[in-house]
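What follows is a single structure, written as structure tokens, with notes after it.
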Amino acid sequence: MISIIKKIKKHGIKNSIYLIFMKCLISIKNFWYLYLLNINKIRKKRIKIGKKCRINQKTYFTGNGKIYIGNNISFGYKLGGYFRGPGIEIQSRHIQSKIILHNNIAMNNNVLIVAHKFISIGENCLIGHNCEFSDCDGHGIDPEKRKSSTGICEPIIIKKMFGLVIIGKF
């Protein structure tokens, strides 16, 4: 209540009502993008969501695996390119697949993360628009086995060590 009175004193009654209304709309949008689009995965406890996650672009969590989302993660950026584009997809394909997004990650628009086995993105990472992360080739090279093989799958681990960003095995 005190914060509302402070806003009215600072911005006037009309602007304060507008600001409060906009905050409500943003909360509803975040609820829609995060929870209602992904309600089945949340109900099945395949997604664990941290605090202060912001959804600025439609974000889909697909697949049968587990997805762990840390605190203070931002999905999409209004001023980034392709904001009204298709959206962000985080796909943990198989039951044994796992994606871990650690704390303080900011993603731009149209990011695709696909895990057959394991993908981990460390703290304080910035991910640009149209980035794709996939830990698997998708299919083998041999034409006769192409439809039955997933190809070579290796985990993706991105983290900061000794002041450097490291991508790969440790």
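The values are calculated or read from the model by the stated rules, or taken from the named source; none is laboratory data. Bear in mind that the values here come from a model prediction, so they are computed numbers and not experimental data. Cβ placement follows ideal geometry from the backbone for every residue including glycine, while neighbour counts extend to all protein chains displayed. The area values use the complete protein model at the heavy-atom level, side chains included, leaving out ligands, DNA and RNA. Shrake-Rupley method; radii C 1.70, N 1.55, O 1.52, S 1.80 Å.
Can you tell me which residue is surrounded by the most Cβ atoms within 10 Å (Cβ to Cβ) among those in segment 137-155 that are out of contact with any Phe, Trp or Tyr (no Cβ under 6 Å at 6 or more places or on another chain) and either among the aliphatic types (A, V, I, L, M) or modelled with pLDDT of 85 or more (or both)?
My answer is Glu154.
Suppose we keep only residues that are modelled with pLDDT under 85 and of a type outside the set (Gly, Ala, Ser) within segment 61-87. Which one would you say is least open to solvent (accessible area, probe 1.4 Å)?
Here the residue is Phe83.
Could you name every one of the strands (runs of 3 or more DSSP E) located completely within segment 109-156 that has at least 3 residues being within 17 Å of Ile73 (Cβ to Cβ)?
Because the criterion is at least 3 residues that are within 17 Å of Ile73 (Cβ to Cβ), the strands (runs of 3 or more DSSP E) in segment 109-156 that meet it are 112-115, 118-121.
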